[in-house]
Amino acid sequence: MTGPTDTPRRGRRALRHLPLVVWLWILWILLWGSTGSTGPVVFAGGLLVAVAVVVSFPLPPLQPGAVPRPLRIGRLLAHLLTDIVGAGATVAWQALRHGRRTSTAIIEVPLRVDTDLLITLVAEVVTINPGTVVTEIDRRRGVLYVHALPIRDERDLARLREEVRAVERRVARAVGHSHGPDDREPAPGAPDGPQEQSREGER
Amino acid sequence: MTVVRDVVTAVLLPAGAVFCLLGALGLHRFPDTVSRLHAAAKAQTLGVLLVLVGAAAQMSPRHAPVLLLVALFQLFTVPITSQIIARTAYRTHGLDRDRLLRDELGDRLARDGTPVDAGDGAGRDDDAER
Amino acid sequence: MTVLYGVTLTVLAVAGLLTLLRLVRGPAALDRIMALDVLVTMVLAGTAVGMIARDDTTSAPVLVVVALLAFIGSVTAAHLIEKRKGMR
């Protein structure tokens, strides 16, 4: 129904769009919410609209070589759920207890991951985590600047830095590169090398 | 079955409402924009998520997924909004920088020769001027 | 259950009033944007509670639209502020 699948390349490209089509289809069915006599019409219409949207608004490929690992993703999500609760409780306690006298800091955390997708995910998760909000993302250097809330001394700073790194490890393991970013050395001030590589990968 | 659902709702709804209230309190008690952002992004989001899940537990299986969808969208969009607001706040002096224990972003910008505060208060984002 | 819904909605209303106060007081435009965003999510939560209280779920899809519009609105407004500062 979508493009022809005569050449294997076209076929694979169509396959890459499949998750998005399925997601849009589910969304359509959920929002219509009808399973009665109009059910078949909604189903068919949803598939049609989903394919039309994906074909007419193509998105750039996400990340070459991203390997989702279901088990690790599950663990990441479990962490996320507990962290949401912890984050809410921490901030609420700070607001009640200290309020005006809360001390904060902005810390610099160099990242090891170097693709757009992973940096975005790490930034999202860090913002959901207790006590931290990403203030600035330096894409070129691969550095996150994180505003952290209850910071009283150097030990808190070190602890938060370690937490951001832990988040990065979890994310990288969940959807990381096939050649595992955690094997590589951290590259603090460095290079556009790996970035270039990730850009051209898909061609 | 309905008992379980009722208990879930009875726990989650008030808990969510209380977290919303605490988030709103944080909006008042924290000293600067970025700190207030913490209250908005965390306590508030947790509160709304709890209320939405608690409400979804009472709904028919046909409509409950829609509420869970709203919760999911909140979860994905709130960090993005927060990051953009935090970034803009830093650049428009929405942050009391004397209060920071450490400001490594400021250090970096100073090293790059592009500090934010060129002429104190020039870029300050108050509505008064507009 | 009715009492539960009433209590939840009351607490949400108080929280909404507090947020409204922040919306009025500012001081920066960003504070207002943030407060408005929070207020919209509170309305979202309140509407969800109202839906189950009245056992009427027809407006559920509206919540999805409102949630996404609030997101786009806040992001656009924050961008505008940054642009305005850059132009000066």
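We did not get these values from a lab; they are worked out from the coordinates using the rules stated. Quick caveat, the model's predicted, so the values are computed rather than measured. Positions of Cβ are backbone-derived with ideal geometry, glycine not excepted, and every protein chain shown enters the neighbour counts.
Things to note:
- Built amide H within the under 5 Å cut-off of B:Asp103, gap 5+: A:Ile106
- Each residue of region A:132-146 is assigned a 3J(HN,Hα), and the resulting list reads 10, 10, 6, 9, 8, 10, 8, 5, 5, 8, x, 10, 9, 10, 10 Hz, derived from the Karplus form 6.51 cos²θ - 1.76 cosθ + 1.60 (θ = phi - 60°), x at Gly and Pro.
- Of the Cα atoms belonging to region B:1-60, the radius of gyration and Dmax stand at 13.8, 47 Å.
- Anisotropy class of region B:2-112 from Cα gyration tensor, a/c 1.5 cut: prolate
- In sequence order, calculated HN-Hα J values of region A:117-124 (Karplus, 6.51, -1.76, 1.60; Hz; x Gly/Pro): 4, 5, 5, 4, 5, 4, 4, 4
- Residues whose amide H lies under 5 Å from that of A:Thr135, counting only those 5 or more places away or on a different chain, are A:Tyr145, A:Val146, A:His147; hydrogens are built 1.01 Å from N in the peptide plane.
- Looking at region B:39-109, the trypsin sites (Lys or Arg not before Pro) that sit in a DSSP loop and have at most 13 other Cβ atoms within 10 Å of their own Cβ are B:Arg62.
- Taken one residue at a time, the phi angles of region B:13-23 give Karplus couplings (6.51, -1.76, 1.60, θ = phi - 60°) of 4, x, 4, x, 4, 5, 5, 4, 4, 5, x Hz. Gly and Pro are set to x.
- Debye-sum result for region A:72-147 in log10 I(q)/I(0), which assumes one identical scatterer on each alpha carbon, at q = 0.14 Å⁻¹: -0.53
- Each part gets one Cα centre, and for region B:26-92 versus region A:101-129 those centres are 18 Å apart.
- Remark on A:Ser103: its backbone amide H falls under 5 Å from those of A:Ile151, a criterion applied only to residues 5 or more positions apart or on other chains, H modelled at 1.01 Å from N.
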